[in-house]
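One structure below.
The values are calculated or read from the model by the stated rules, or taken from the named source; none is laboratory data. All figures in this text were calculated on a predicted structure; none of them were measured in a lab. Positions of Cβ are generated from backbone atoms using ideal geometry, with glycine treated the same way; all protein chains shown enter the neighbour counts.
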Amino acid sequence: MNKETWAIVTLSQDGVALAERLAQRLEDKTCNIYTREKYAKKTIQVFESDITTFMGRMMGEYDIICCIMATGIVVRAIAPNLRHKSTDPGILVMDTKGEYVISLLSGHLGGANDAARLVAKRLNAQAVITTGTDVKGTMAVDVLAEKLNCVIDNFTDAKDITALILNNEPIGLINQENCELDAVMLPQNIVLLKTLSEFEKGDIEKYAGLILISLNTKKPILNTSWVQLIPQKLVLGIGCRRDTPGEKIIAAVQLTLASLNLSDKGIKALATIGLKENELGIDAACSYFKARKVIVPNEMVKMVQSRFEGSEFVYQTTGLYCVSEPCGYIASSFGKCLLEKQKMNGITLSVWLAEK
């Protein structure tokens, strides 16, 4: 697993001294320090552009950006570069004495709240956290989604449900996909329910809103506020002709999942064999769906390929009798097959539900 990347940005000599001390305390992170040329040392990188342009570049490259400077400067520098809470990095602000560390932006999804607490602990500083659910000791929908490795289907819905949670309104939670909840400490006003049909028939009036954990793209019609969390549990085994365009693979994946009423936001990985490791079309699909590419060794495929229908043509091309199904089966930790291999103009796909 790659280390979390941090940029530490400062505009003063005192800030540089604190930045160096912070970087030393963050030995488990990948830290780069940036400042103006007149304050730079050998191990510190220089930026010459205006701070707004520079921050725009940094926000696309780092997980966490810690700014040791006035909060007003940071606010003005990041404002033109903000995109969405699902993609913006965590932004911290520190005073040059290192007394306070403010979680300024992306406290939950961007990790700024946890980063602020970490910096405070390692520098003996005071973390300043202002997100409502953290102040009140409860849980926002985006935090729950992150803990369960889910994607939020609609951020406006998530904001509405979080507001209800914050106001101590009763919220139902239906876990259709059996996500692991044992390690999650739910707020007292979030109640675990069994099924959507039961909720619609009897419990809907008891709750101000609903959190539905589901891969299904068919939206229930509910007379209440609700948000869908989509667990990233889908693994697609894939084989394709050489140099198959990425857009063709993307379209095939979308068509396949649509036939199953499954959201493509739930894709965890695309799995294939080593022969396809440098297949640009598969890389493009992984990038589009924000999915991992898993390369399954031939030896592992050979161990399970007898379970699936084989092909002499595939064997002549790859040295294996089948690709899509054994790769999906292995990469899903021997999960449940939701769709056996489908052939579509040189692309073969199978769909699996990951066990872990």
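Among the residues of the stretch 233-252, those identified as crowded, with 24+ Cβ neighbours inside 10 Å and touching a Phe, Trp or Tyr at 6+ places or on another chain (Cβ under 8 Å) are Leu234, Val235, Leu236, Gly237. Criterion applied to Val119, Val143 was being part of a helix (DSSP H, G or I), within 15 Å of Thr87 (Cα to Cα) and of a type in the set (A, V, I, L, M), and the one residue passing it is Val143. The condition of being of a type outside the set (Phe, Trp, Tyr) and surrounded by 22 or more Cβ atoms within 10 Å (Cβ to Cβ) holds for only one of Ile204, Ile213, Ile230, Ile221, that being Ile230.
Checked across the stretch 287-304, the condition of being part of a loop (DSSP other than H, G, I, E, B) and more than 29 Å from Lys219 (Cα to Cα) holds for at least one residue. When the stretch 92-128 is filtered for residues that are in contact with an Asp or Glu (Cβ under 6 Å, 6 or more places away or on another chain) and either among the charged types (D, E, K, R) or in contact (Cβ under 8 Å) with a residue 60 or more places away in the chain (or both), only Thr96 remains. If you filter the stretch 317-345 down to residues that are touching a Leu at 6+ places or on another chain (Cβ under 7 Å) and assigned to a loop (DSSP other than H, G, I, E, B), you find that the one that is surrounded by the fewest Cβ atoms within 10 Å (Cβ to Cβ) is Gly335.
Answer yes or no: is there a residue in the stretch 329-337 that is basic (Lys, Arg) and at pLDDT below 95. So far as the stretch 329-337 goes, no, none of its residues is basic (Lys, Arg) and at pLDDT below 95. Within the stretch 346-356, the set of residues being surrounded by fewer than 24 Cβ atoms within 10 Å (Cβ to Cβ) and not basic (Lys, Arg) comprises Gly346, Ile347, Thr348, Leu353, Ala354, Glu355.
Filter the stretch 81-96 down to the residues that are surrounded by fewer than 22 Cβ atoms within 10 Å (Cβ to Cβ), of a type outside the set (Asp, Glu) and either within 18 Å of Ala7 (Cβ to Cβ) or touching a Phe, Trp or Tyr at 6+ places or on another chain (Cβ under 6 Å) (or both) and list them by number. Don't jump to the end; show me each part of the working.
To start, the set of residues in the stretch 81-96 that are surrounded by fewer than 22 Cβ atoms within 10 Å (Cβ to Cβ) comprises 81-88, 95-96.
Applying the additional criterion that residues be of a type outside the set (Asp, Glu) yields 81-87, 96.
Of everything in the stretch 81-96, those that are surrounded by fewer than 22 Cβ atoms within 10 Å (Cβ to Cβ), of a type outside the set (Asp, Glu) and either within 18 Å of Ala7 (Cβ to Cβ) or touching a Phe, Trp or Tyr at 6+ places or on another chain (Cβ under 6 Å) (or both) turn out to be Asn81, Leu82, Arg83, Thr87, Thr96.
Which members of the stretch 1-17 meet the condition of being part of a helix (DSSP H, G or I), surrounded by fewer than 21 Cβ atoms within 10 Å (Cβ to Cβ) and touching a residue at least 24 places away in the same chain (Cβ under 8 Å)? Quick ask: steps written out before the conclusion?
Applying the first criterion (part of a helix (DSSP H, G or I)) to the stretch 1-17 yields 13-17.
Restricting the remaining residues to those that are surrounded by fewer than 21 Cβ atoms within 10 Å (Cβ to Cβ) gives 13-14, 17.
Residues satisfying the conditions are Gln13, Asp14.
Kindly provide the set of residues from the stretch 211-249 that are in contact (Cβ under 8 Å) with a residue 40 or more places away in the chain, aliphatic (A, V, I, L, M) and closer than 18 Å to Asn175 by Cβ, ordered by number. If the condition is that a residue be in contact (Cβ under 8 Å) with a residue 40 or more places away in the chain, aliphatic (A, V, I, L, M) and closer than 18 Å to Asn175 by Cβ, then Ile211, Ile213, Leu215, Val227, Leu229, Ile230, Leu234 are the ones that fit.
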